Amino acid sequence: MNPERHARALALLRRFYGYGSFRPGQAEIVDAVAGGRDAMVLMPTGGGKSLCYQLPALLSDGLCIVISPLIALMDDQVTALLANGIPAVAVHSNRPESETREALEQARLGRVKLLYTSPERFVADIDKWARTLPVKLIAIDEAHCISQWGHDFRPVYTELSGIKSMLPSTPVIALTATADRLTRDDIEQQLALRDPFRWTGSFDRPNISIEVRPDPGKARRIARVRELVGKYPDDSGIVYCLSRSKAESMTQALRLSGINAVCYHAGMPAAAREEAQRAFINGDVSVVCATVAFGMGIDKSNIRWVVHNNMPANIESYYQEIGRAGRDGLPAEAVMFHSVGDAIALRRFIDDSDSSRRGINTEKLARMQAFADAAVCRRRMLLSYFNEEMTRDCGNCDVCRSAPVRFDGTTVVQKALSAVLRTDCRVGAYMLRDILRGAQRHDIRSRGFDRIRTFGAGADLSAAEWNYYISQMIQLGLLDVAYDDGNRLHPTPFGMRVVRGEERVMLAQYTEERQRGRDQSRPAAATAPASSTEALFARLKAVRRAEAARIKMPPYLIFSDASLKDMAMKRPRTLEEFREVSGAGEVKTARFGPLFLSAIAEFA
Ligand code: ADP
Ligand code: ZN
C-alpha cells in the first residue's frame, strides 16, 4: 500500500465522512483503485462498498462514473454525498433534460466528483462522455447483474462488456454483495478486467483454524511458535504482543531458540521498521514479533499462522489480525493465548484513554473476554458478532475439535425466547433468567411479568445453568443484545425459526467442571445498563425527526442511527468534540452540529 496515498485517503475519510477508520477491505481497495488498478469487490451488504469508489474519486482530479441499476438508490446516494459536501449528480430518464444538461456541463468543468447513471444511459452516451468529461474511474455497482450465473441477470448489463476496449486506460471497479466464485469469475471475464485487485469480503474465513487457550507461560508459547515454524518452513507467521517491550523480548527469545525473527513496533526508528517489514515481505525472515502497529496493508499471501501472545482489545482487531493469515485460501492457523493479566492491562488502557471512547471500549473488551471464555464454536461467535448467520458448527476450532457434551437444546431455547417475546423484548439476561425460574422479584411483579405463561417454566434448571445457556443463545446468534438499549434481549431471525419449531439447536451441556473458575453469578454478555444514554438517544432521534421535516430531507441522511448512538455515548460539548462522532464530517458538523449540541446540553 502506498503510505502517502493511504494518509491522504484517511484524511478525506475523516473530513468528508467523519469516520475515523476504514472497514475491512476499504483501505486496500481504495489504494489499488486510486493507483490505477481494476478491482473486483465482493463485500456483504452494509460492508461499505460505496466508499471504495468514492474515495478514489476524491483522490483523483477527475470524475468517477457510477453505473447503478436502481434510480431510487442513485438519487439517495447523490443526496447523501451532497450532504457530506461532495459534488455529485445523477443522470437518468426520470430527470428533466434541462437538469441533465446542466449536470453534464458541471461535470465537464470538473466540478463534479461522482456521476451516477443507469446502464442504458451509460451505453448510449459513453462515447460522447469519454470525449467531453474528465472520466478517471468507472464503478459498476451490482455487477452480478452482468452474469447469467448471478441471481439477478439483466441483459443490458452485458453491453458493458466493451468497457475496457472503449476506455482502455480508465480503471474499472466492479462491486457486488452476492456472487459466488463462478459468478465472480464470469464478471471479471465479461468486463475483461486486467489483473484486478480482488477483495472477497464475507467475514467467514473457513481456512483459518482457530484456537484460544489460557496462557501456558512463555516457554510453552515459544515452543508453540517453534512448532508452527517447523510445520510451515517455507512460509511465515506473525506473533502479536501487547506492548513494545514484550515484542522485543519475544523476538530475542525466538532468536535464541534458533528462529529467524524480527521485531516491529511504532517505537522503532522508521528506517528499522521499514527494513523489518521489507525483510518479512521478501521472505528473508519468517517471523515478525509485533504490536498492533504491524500489518496494515500487508498483502502477503503466504502468512500461514498468527499467534496472539495476549488477548486483543476487541473482536474487530482480533479478526482483522488473524485475517492476515491464509489470504491465499490455504489452511492457516490462528492461536490466541489469554490471561487475566491481559484483561487487566487492557482495562487500564481504556481507563487512561479519552473519556468519550470509554463506554464503548469497555463493552468491546467484555465481548472479547466472552469470546475467550466461551465454550461454543469460535467461528459461530465471531460471525454472529459481525451479524453474519451461521447455523452449524465450523469443525475447525478448538471448541469444535474437543467438543463439550451436547444435547438437543431446542426446548430450552424455545422456553427462553418465548419468555423474551412475552415481555415484548423488554428484559435483559438476569431478569429473563429470574422469570424463567419463577423468582419472586419485586420488579418482575410490578411489571406484570409474573403473569406471563412462561413465568417459572424453567424452574427445573438452576440459575447457573440458565446463565450458561442464555450466554450460549447470545453467542450462537439466537438472541441479540441491544447494548444501546439497556442490554435488552431480542430474538434474531434464526432464533425465531427455532421458536416456530422450524429448526433445532444443540447446546453445550452445563457441567460443574466446565464452569469452574468462571464467574457463575452472571451471564457473560450482561454488563452495566446504559439507561441515560438510551434516553438521550431517543431525544436525539426526536431532534433529527423535527429537523428532517423542517428541511425536507430523509432523517437517515442527516445522521444515521449509528451516528446518533455514538453521539449519545460521547456527549460532545463543543464543535471540536462533535467532530469525533462517527459520521460527523466537516460539512455536517457545521450544518447540524449546533442543533445537536444544544439538545445534548439541554439534556444534561
Ligand atoms: P454497501 O454499499 O456495501 O451495502 P454502504 O457503502 O452503503 O454499504 O455503507 C453502509 C454504511 O456503512 C453506510 O451508512 C456508510 O456510511 C457506513 N460506512 C461505510 N464505511 C464506513 C467506515 N469506514 N466507518 C464507518 N461507517 C462506514
Ligand atoms: Zn468451530
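What follows is calculated from the coordinates using simple rules that are stated; it is not laboratory data. Bear in mind that the values here come from a model prediction, so they are computed numbers and not experimental data. Every residue, glycine among them, receives a Cβ derived from its backbone with ideal geometry; neighbour counts consider all protein chains shown.
Straight-line reach only, C-alpha to C-alpha below 21 angstrom: list the lysines that Lys552 could link to, leaving out same-chain residues fewer than 8 apart.
Cα-Cα hits under 21 Å: Lys541, Lys588.
For the chain, what is the Kirkwood estimate of the hydrodynamic radius, computed as the reciprocal of the mean inverse distance between distinct Cα atoms, to one decimal in Å?
After inverting the pairwise mean of 1/r, the radius is 26.7 Å.
Order these by the 10 Å Cβ neighbour count, fewest first: Trp305, Trp466, Trp199.
With the fewest neighbours first, Trp305, Trp466, Trp199 line up as Trp199, Trp466, Trp305.
I'd like to know which of Val427, Val376, Ile444 lies farthest towards the positive end of the charge dipole of segment 366-473, counting +1 on Cβ of Lys and Arg and -1 on Cβ of Asp and Glu.
Ile444
Once Lys and Arg get +1 and Asp and Glu get -1 on their Cβ, which of Thr251, Ala270, Thr574 lies farthest toward the positive end of the dipole of the chain?
Of the listed residues, the answer is Thr574.
Find the relative contact order for the chain and round it to a whole percent, using C-alpha pairs within less than 8 Å whose residues are 6+ positions apart.
Contact order relative to length: 12 percent.
Once a ≥ b ≥ c are taken as the square roots of the eigenvalues of the Cα gyration tensor of segment 268-421, is the result rounded (a/c under 1.5), prolate (a/b larger than b/c) or oblate (a/b not larger than b/c)?
Note, shape of segment 268-421 comes out oblate.
Over segment 144-266, calculate the relative contact order: mean separation of alpha carbon pairs under 8 Å at least 6 apart, over the residue count, as a percent.
Taking the mean separation of contacting Cα pairs over the length of segment 144-266, I get 16 percent.
Cα-based Rg (one decimal) and Dmax (whole number) for segment 102-182, in Å?
13.6, 42
In which sequence would Glu316, Glu105 go, from the one with the fewest C-beta neighbours within 10 Å to the one with the most?
Glu105, Glu316
Quick one: which residues, 5 or more positions from Glu333 or on another chain, have an amide H under 5 Å from its amide H? H modelled 1.01 Å from N in the peptide plane, none for Pro or chain starts.
Ser209, Trp305, Val306
Using only DSSP helix segments of four residues or longer, with each worth -39500 (n - 2.57), what per-residue ellipticity at 222 nm results for the chain after dividing by its residue count and rounding to 500?
-14000 deg cm²/dmol
Given segment 176-304, what whole percent of its Cα pairs are spread farther than 19 Å?
Result: 58 percent of Cα pairs exceed 19 Å.
Go through segment 346-438 and name the GluC sites (Glu not before Pro) that are in a DSSP coil and have 11 or fewer other Cβ atoms within 10 Å of their Cβ.
Qualifying residues, ordered by number: Glu389.
Assuming 1.002 mPa s and 20 °C, estimate D for segment 231-333 with Stokes-Einstein, Rh taken as the Kirkwood radius over Cα pairs, in µm²/s.
Roughly 158 µm²/s, to the nearest whole number.
Give me the log10 of I(q) over I(0) for segment 378-497 at q = 0.10, 0.12 Å⁻¹, as the Debye formula computes it from C-alpha points; what are the numbers?
With one equal scatterer per Cα and no solvent, log10 I(q)/I(0) is -0.31, -0.44.
Is segment 1-48 rounded, prolate or oblate when judged by the Cα gyration tensor, a ≥ b ≥ c being the square roots of its eigenvalues, rounded requiring a/c under 1.5 and prolate requiring a/b larger than b/c?
Because a/c hits 1.5 or more and a/b fails to exceed b/c, segment 1-48 counts as oblate.
Considering only DSSP beta bridges with both partners in the chain, what is the antiparallel share in %, to the nearest 5?
Percentage antiparallel, nearest 5: 10.
If you place +1 on the Cβ of every Lys and Arg and -1 on the Cβ of every Asp and Glu, how big does the dipole about the Cα centre of segment 1-94 come out, in debye to the nearest 20?
220
Could you work out Rg/(2.2 N^0.38 Å) for segment 548-592, with Rg from alpha carbons only?
Cα-based Rg divided by the globular estimate yields 1.11.
Starting from 0.36 nm per residue, how many nanometres of slack lie between Ala272 and Ile551 once their C-alpha separation is accounted for?
Length difference between fully extended and current span is 95.0 nm.
At a 10 Å Cβ-Cβ cut-off, how would you order Leu256, Leu58, fewest neighbours first?
Leu256, Leu58
Could you give the dipole magnitude of the chain about its Cα centre, charging the beta-carbon of Lys and Arg +1 and that of Asp and Glu -1, in debye to the nearest 20?
1220
Determine the relative contact order of segment 1-156: mean sequence separation of Cα pairs under 8 Å and six or more apart, normalised by residue count, in whole percent.
For segment 1-156, the relative contact order is 23 percent.
What are the residues whose amide H is under 5 Å from the amide H of Ala139, where those residues sit 5 or more places off or on another chain and H is modelled from the backbone?
Here the answer is Ile65, Val66, Ile67, Ile173, since their amide H atoms fall under 5 Å of that of Ala139.
Note the direction-averaged projected area, equal to a quarter of the hull surface, for the Cα convex hull of segment 1-158, in nm².
Dividing the Cα hull surface by four gives the mean projection, 9.4 nm².
Compute the distance in nm between two label points, each set 7 Å from the Cα along the Cα-to-Cβ direction, one at Asp76 and one at Arg348.
4.8
May I ask which residue of Leu114, Ser598, Gly48 lies farthest towards the positive end of the charge dipole of the chain, with charges of +1 (Lys, Arg) and -1 (Asp, Glu) on Cβ and the Cα centre as origin?
The one lying farthest along the dipole's positive direction is Ser598.
So how strong a dipole does segment 162-213 carry about its Cα centre when Lys and Arg Cβ are +1 and Asp and Glu Cβ are -1, to the nearest 20 debye?
In debye, rounded to 20, segment 162-213 gives about 140.
Can you classify segment 335-425 as rounded, prolate or oblate using the Cα gyration tensor, where a ≥ b ≥ c are the square roots of its eigenvalues, rounded means a/c under 1.5, and otherwise it's prolate if a/b beats b/c and oblate if not?
oblate
Using all Cα-Cα distances in segment 432-516, what percent lands in each 10 angstrom bin from 0 up to the longest?
16, 40, 38, 5
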